[in-house]
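Report on the following structure.
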Amino acid sequence: MDKNEYNPEKIVMYHMSEHGKDLINIIYNAIKQADLHKDIPYMLYFREELCEESKWYSDGLDTISTYPEILGLIDKYPDIERVHFQKHEKDAIEPALWTYETFLETCTGFYDIPLEDCKRYLADFRKRWLEYGYNERKPYRMELEFCLETGNMDKAAEIWDKLKEMKIESYDRKGAYINTKIKYYLLNDKKVKADGLAVQGVLCGQANGSFRYFLVTRQVISYYLEYYIQHGDYKNAPEIAHKMEHYFDGGYRHYEWIPEKETTLWASVMCAYVYKRPGQGLRIYKKHWKDWEEEKNPRYKFYAFKNAACFFKGIENQKDSVKFKPGNLFPLYNESNIYNTRSLCSYYYKGAEEIAEKFDRRNGTDKYIKELEMSFANAW
């Protein structure tokens, strides 16, 4: 693009592009253009866009590498102006703080980011959030999410006692707090309490329109699906998996923004179908095995491999082998294209186990290995 033709508002038309790798490359080019013209507001805006795109539609690596640049910009230019597309935001700092949440969630999902670095970022977020004039509710929720993801349940209980008494402010995203509460109750095996909140969460989503209803409901379903798999409840799992599948292939498919990568959630759906709809489960496996194999986000890959191991443990009780043509890039490839279900089960279990050990070593807990062992033991 010629220097004289620089038009950031025109560049933002990249929203018309399809999400994923191609759009990430387009945003990278937009960042280069803004940097070249020293357009500070758009230097910040495009980096925020990259962080969100990478988190929701890719592996999150660009989020990790880019967000520190955002902090550098808002520290160097505290009076930075918001861009035209942020007219509903109070200023340019506010969206940067919301993107901090995306960054914190992404850091937790990579075991090679030291725990102390994650804690340092949490403390920095709290400081910036409070200095901006907001209350402690969101920092507490983010710390609770961090404890739940790393398996520090004693600390989570302490934060929970503080959080549940705090007032919801106008700038709070109510649906996010309901989802966190549901997650907390399910991880503590208090399903009855989670059930009541799940209804409230869906109603909250309905009140905010069909798109918000889709997002809240999908998140709630993913929590329950994982809960059923871990507890071996394959009576209820297929029904809720079918709802998830409907959101992917049915009436809600035109909503492209799906928190957490769709391919990872397909592994949960596949596992849920192992006893009542094994044929559909195998079709899902044949379609998505390569996505799980190439996944660079270790948290996503852990759950995909864990649930694949549970699926093939169940399939093993029904048949000794499966036949399909994955190609020679398949990790267990053989020319006969006949694959022993026990070998597939073992492959995915070992892969999940390796990731679990790295996460637990980083976190100083046994959360991941316990989830793997519990899910596998309860797979019939």
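The values are calculated or read from the model by the stated rules, or taken from the named source; none is laboratory data. Everything numeric here is computed off the predicted structure, so don't read it as measured data. All Cβ positions, glycine included, derive from the backbone under ideal geometry; neighbour counts span all protein chains shown. Areas reflect the complete protein model, heavy atoms only, side chains present, ligands, DNA and RNA absent. Shrake-Rupley method; radii C 1.70, N 1.55, O 1.52, S 1.80 Å.
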Q: Report Rg/Rh for the chain, rounded to two decimals, where Rg is the Cα radius of gyration and Rh the Kirkwood radius.
A: 0.98
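To one decimal place, what orientation-averaged projected area in nm² is obtained for the convex hull of the Cα set of the range 261-365? Please report the intermediate quantities before stating the final value.
Details: hull surface 26.2 nm².
Over all viewing directions, the range 261-365 projects a mean Cα-hull area of 6.5 nm².
What 222 nm value per residue comes from the helices of the chain, counting each DSSP H run with n ≥ 4 as -39,500 (n - 2.57) and dividing by all residues, nearest 500 deg cm²/dmol? Intermediate results must be reported in sequence, preceding the final value.
Details: 17 runs with 258 residues, N = 380.
Rounded to the nearest 500, the figure is -22500 deg cm²/dmol.
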Q: Compute the long axis of helix 21-36 from its Cα atoms, compare it with the longest principal axis of the Cα atoms of the chain, and write down the angle in degrees, 0 to 90, nearest 10.
A: 20 degrees
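Restricting attention to the range 319-357, which GluC sites (Glu not before Pro) occupy a DSSP loop and are surrounded by at most 11 other Cβ atoms within 10 Å?
Details: sites: E335, E353, E354, E357; in loops: E335.
Listed in order of number, the matching sites are E335.
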(Q) If you wrap a convex hull around the alpha carbons of the range 302-353, what volume per residue comes out, as a whole number of Å³? (A) 68 Å³
**Q.** Sequence of H288, H246, H19 from largest to smallest accessible area, 1.4 Å probe
**A.** H246, H19, H288
**Q.** 5 angstrom amide H check on S321, placed H, neighbours 5+ away
**A.** T341
Q: Could I get the Rg over Rh figure for the range 56-162? Both from C-alpha atoms, Rh via Kirkwood, rounded to two places.
A: 0.98
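So which chymotrypsin sites (Phe, Trp or Tyr not before Pro) in the range 130-202 pass both tests, a DSSP loop state and at most 16 other Cβ atoms within 10 Å of the Cβ?
Values: sites: Y132, Y134, Y140, F146, W160, Y171, Y177, Y184, Y185; in loops: Y132, Y134, Y171.
Sparse-neighbourhood loop chymotrypsin sites (Phe, Trp or Tyr not before Pro): Y132, Y134, Y171.
I need the fraction of alpha carbon pairs in the range 60-107 separated by more than 16 Å, rounded to a whole percent.
Numbers: 456 of 1128 pairs.
Here the tail beyond 16 Å accounts for 40 percent of pairs.
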Q. Mind checking which aspartates and glutamates have their C-alpha under 14 Å from K191, skipping anything on the same chain fewer than 8 residues away?
A. E226, D233
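As a quick test, which of the pairs K183/K313; K301/K358; K243/K350; K323/K350; K55/K296; K21/K301 have an alpha carbon distance above 20 angstrom in this structure? All intermediate terms of the calculation are to be shown ahead of the outcome.
Details: K183/K313 27 Å; K301/K358 13 Å; K243/K350 30 Å; K323/K350 22 Å; K55/K296 12 Å; K21/K301 18 Å.
With Cα atoms farther than 20 Å apart: K183/K313; K243/K350; K323/K350.
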Q: Evaluate the Debye formula for the range 32-93 with equal point scatterers sitting on the alpha carbons, no solvent, and hand back log10 of I(q)/I(0) at q = 0.16, 0.18, 0.21, 0.29 Å⁻¹, in q order, two decimals.
A: -0.51, -0.64, -0.85, -1.24
Q: Answer with one residue from F125, L23, L50: the one whose Cα lies farthest towards the positive end of the charge dipole of the range 16-141, charges on Cβ with Lys, Arg +1 and Asp, Glu -1.
A: F125
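I need the per residue convex hull volume for the range 134-186, using only the alpha carbons, in cubic angstrom as a whole number.
67 Å³
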